[in-house]
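Structure record follows, encoded as structure tokens.
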Amino acid sequence: MAGILVEMPDTQVRQPSSPRPKSGLPTPGSRPPAVDLDWLIIGGGIHGVHIAIRLLFEGADRDRLRILDPADRLLDRWTSCTEITGMEYLRSPAVHNLDVAPNSLRRFARKSRKSDPGLFAHPYERPTRALFNSHCDQLIQSHQLDALHLHGRALQISMTREAVAVNHTGGGTIASRRIVLAIGASDQPHWPEWAPQEHPRIRHAFDPQSTSLPPRDQSRVAVIGGGLSAAQIALRLSAIGHQVALVSRHPIRTHQFDSDPGWLGPKYMTGFHSTRDLTQRRNLIQEARHRGSISPDVRVALRREINRKRITWRNASIRSVTDHEHGVSLQLSHGGPVQVDQVVLATGFTTQRPGGVMLDKLIESAGLPCSACGYPVVDNELRWHPQIHVAGPLAELELGPTSRNIAGARSAGDRIVASLKRNAQQPT
Ligand SMILES: Cc1cc2nc3c(=O)[nH]c(=O)nc-3n(C[C@H](O)[C@H](O)[C@H](O)COP(=O)(O)OP(=O)(O)OC[C@H]3O[C@@H](n4cnc5c(N)ncnc54)[C@H](O)[C@@H]3O)c2cc1C
């Protein structure tokens, strides 16, 4: 391989001798960019990082593999979204980690801090967030993934005869034989209709531009949402002295996981795959996901704070918000208004297909198949096109309700690696 022919002004990975191809997407009549890479993974979150590790483990050429992500560091959205909740333990078990071997996180814990009994929570051996993140850091370091990280956001993707051309904010075009779309959903926080987006007293906990909590001197805070993140943020705010009103439009629902573990194996997935009708698959996913549920341990902690009157819980929808001199007033579907200094939305992410206009255009230009819900129709190697694989939410109609989770990243890794191996076996 003669060097990496990628035009990416803000990266450190280009080899000095590499010729610089012209930037911009190939236009009719112009020469397409040279094929630079075997694999370009778009999105450096939980899914993108795990898939990179899997491909490298299977012998993919690291000189011809890159991860494109706009953040300064890999796993940025995971780190900031989980940090703001203050979650101490993951909801998922230790075997759901980013390494190839499921027991890697346990081994890492044994090696690094043998004597600490609090590294895993019962039941299901759920790791602390700190342990999980240290393990991720160690994997990124040992695979030198930072050196493969191109800083940029894919803006436009188009097919050339032999490759996929990706135009990105880093200022160039990358051509890769295959791409993996691992763009996640965390760039699209869900804003309820009643909540103005530019209001100085209303923030979304998962806003990609700024994730921060209200300052301590503004002590009355409403947290909006009925899921695990809302409960954890309410607990975190209460612990630092805020008077918290948690407003949820449904009663508190308790589930250990956000879908039944039967969805991780044949128990439910056999039936899922035998369902050929994708609208029915979408319905199965919706029914299976315990959206807006909290784990039993967080429920106990929440109940305690409610009993201590540090958190009040209102089960109502919000009708509107009005400003007053020292804060805002939330009008509810029933009961009196809630008057607070600040509002934190913990309403998760929108359910629409991620990727926005970039994917709309790609779908149109490459004729990619979508189900009625707008999500990709892919084969069992998660190929949306012979050169385009998907992961995370985009793989949902094939991987089922766990597709967005760490377990889903591992399943996506299995499928993509299977595709790599099958290709390697084919005669050239
Ligand atoms: C608070 C919280 C706690 C969670 N806890 C758990 C848990 O305990 N266990 C579990 O299994 N799951 C958990 N999840 C769910 C899931 O594992 C995470 O949401 C995870 O971050 C999803 O990973 P991802 O790679 O799909 O997406 P992301 O983390 O969103 O990463 C996708 C990346 O792609 C980038 N991107 C988007 N568009 C482009 C583009 N056009 N070009 C280049 N890059 C792009 C984004 O900027 C982002 O960096 C949790 C989620 C949240 C929010």
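The values are calculated or read from the model by the stated rules, or taken from the named source; none is laboratory data. The shown structure was predicted, so the numbers you read here are calculated from the model rather than taken from an experiment. Cβ sites come from the backbone with ideal geometry, for glycine too, and all protein chains shown count toward neighbours.
Any residue in segment 44-55 that's without any contact (Cβ under 8 Å) to a residue 24 or more places away in the chain: show its pairings with residues that are near the ligand (Cβ under 6 Å from one of its atoms) at Cβ separation under 8 Å, as long as the two are six or more apart or on different chains.
Hits for this filter: zero, empty list.
Would you check if THR160 is at pLDDT below 95, of a type in the set (S, T, N, Q) and crowded, with 18+ Cβ neighbours inside 10 Å?
no
Determine whether segment 93-111 contains at least one residue that is more than 19 Å from the chain's Cα centre (by Cα), within 15 Å of the ligand (Cβ to nearest atom) and within 23 Å of LEU420 (Cβ to Cβ).
Within segment 93-111, one or more residues are more than 19 Å from the chain's Cα centre (by Cα), within 15 Å of the ligand (Cβ to nearest atom) and within 23 Å of LEU420 (Cβ to Cβ).
Quick one: ASN380 ticks every box in (1) touching a residue at least 40 places away in the same chain (Cβ under 8 Å); (2) away from the ligand (no atom under 16 Å from the Cβ) bar one, so which box is it?
Of (1) touching a residue at least 40 places away in the same chain (Cβ under 8 Å); (2) away from the ligand (no atom under 16 Å from the Cβ), only one is false for ASN380: (1).
As an exercise: evaluate ASN423 against (1) under 23 Å from the mean Cα position of the chain (by Cα); (2) outside any loop (DSSP other than H, G, I, E, B) and give the number of the one condition it does not meet.
The number of the failed condition is (1).
Which residues, taken from segment 149-208, are within 23 Å of PRO376 (Cβ to Cβ), away from the ligand (no atom under 16 Å from the Cβ) and in a loop (DSSP other than H, G, I, E, B)?
THR160, ARG161, GLU162, ALA163
From ALA372, ALA366, ALA316, which residue is among the hydrophobic types (A, V, I, L, M, F, W, C) and within 22 Å of GLY48 (Cβ to Cβ)?
On the way: ALA372 fails: within 22 Å of GLY48 (Cβ to Cβ); ALA316 fails: within 22 Å of GLY48 (Cβ to Cβ).
Just one listed residue meets the conditions, ALA366.
What residue, of GLY374, GLY335, is away from the ligand (no atom under 14 Å from the Cβ) and over 20 Å from the mean Cα position of the chain (by Cα)?
Checking each option against the conditions leaves just GLY335.
Hey, among the residues in segment 388-402 that are in contact with an Asp or Glu (Cβ under 9 Å, 6 or more places away or on another chain) and touching a residue at least 40 places away in the same chain (Cβ under 8 Å), which one's nearest to the ligand (Cβ to nearest atom)?
My answer is THR402.
For segment 297-348: of the residues being among the β-branched types (Val, Ile, Thr) and without any contact (Cβ under 8 Å) to a residue 40 or more places away in the chain, which is farthest from ARG216 (Cα to Cα)? Walk me through it before giving the result.
At the first step, the residues of segment 297-348 found to be among the β-branched types (Val, Ile, Thr) are 298, 300, 306, 311-312, 318, 321-322, 328, 338, 340, 343-344, 347.
Next, only the ones that are without any contact (Cβ under 8 Å) to a residue 40 or more places away in the chain stay: 300, 306, 322.
Details: VAL300: 25, ILE306: 20, THR322: 22 Å.
Within segment 297-348, the match that is farthest from ARG216 (Cα to Cα) is VAL300.
If only one of PRO354, PRO393 is more than 20 Å from ASN423 (Cβ to Cβ) and touching a Ser or Thr at 6+ places or on another chain (Cβ under 7 Å), which one is it?
So the residue among PRO354, PRO393 that is more than 20 Å from ASN423 (Cβ to Cβ) and touching a Ser or Thr at 6+ places or on another chain (Cβ under 7 Å) is PRO393.
Kindly indicate whether any position in segment 195-210 is hydrophobic (A, V, I, L, M, F, W, C), modelled with pLDDT of 90 or more and touching a helix residue (DSSP H, G or I) at 6+ places or on another chain (Cβ under 7 Å).
The answer is yes, given that some residue of segment 195-210 is hydrophobic (A, V, I, L, M, F, W, C), modelled with pLDDT of 90 or more and touching a helix residue (DSSP H, G or I) at 6+ places or on another chain (Cβ under 7 Å).
THR173 - would you say it is modelled with pLDDT of 95 or more and of a type in the set (Ser, Thr, Tyr)?
Against the criterion (modelled with pLDDT of 95 or more and of a type in the set (Ser, Thr, Tyr)), THR173 does not qualify.
Filter segment 357-369 for residues that are of a type outside the set (A, V, I, L, M) and touching a residue at least 12 places away in the same chain (Cβ under 8 Å); which is nearest to GLN280 (Cα to Cα)? Explain how you work it out, then say what you get.
Going through segment 357-369, the residues of a type outside the set (A, V, I, L, M) turn out to be 360-361, 364-365, 367, 369.
In the following step, the residues that additionally are touching a residue at least 12 places away in the same chain (Cβ under 8 Å) were identified as 361, 365, 369.
Working: LYS361: 26, SER365: 27, PRO369: 17 Å.
Ranking the qualifying residues of segment 357-369, first place goes to PRO369.
Which one is nearest to VAL166 (Cα to Cα), of the residues in segment 59-73 that are part of a strand (DSSP E or B) and more than 9 Å from the ligand (Cβ to nearest atom)?
Among residues in segment 59-73 that are part of a strand (DSSP E or B) and more than 9 Å from the ligand (Cβ to nearest atom), the one nearest to VAL166 (Cα to Cα) is ARG66.
Take ILE363 and tell me if it is away from the ligand (no atom under 12 Å from the Cβ), β-branched (Val, Ile, Thr) and in contact with a Lys or Arg (Cβ under 9 Å, 6 or more places away or on another chain).
No, not satisfied.
Consider VAL343 carefully, then state whether it is farther than 16 Å from ILE41 by Cβ, crowded, with 20+ Cβ neighbours inside 10 Å, β-branched (Val, Ile, Thr) and away from the ligand (no atom under 14 Å from the Cβ). Working first, answer last.
Details: farther than 16 Å from ILE41 by Cβ: yes; crowded, with 20+ Cβ neighbours inside 10 Å: yes; β-branched (Val, Ile, Thr): yes; away from the ligand (no atom under 14 Å from the Cβ): yes.
Taking the combined requirement at face value, the residue satisfies it.
Given the criterion in contact with a Phe, Trp or Tyr (Cβ under 7 Å, 6 or more places away or on another chain) and of a type in the set (Lys, Arg), identify the matching residue among ARG353, ARG383.
Just one listed residue meets the conditions, ARG353.
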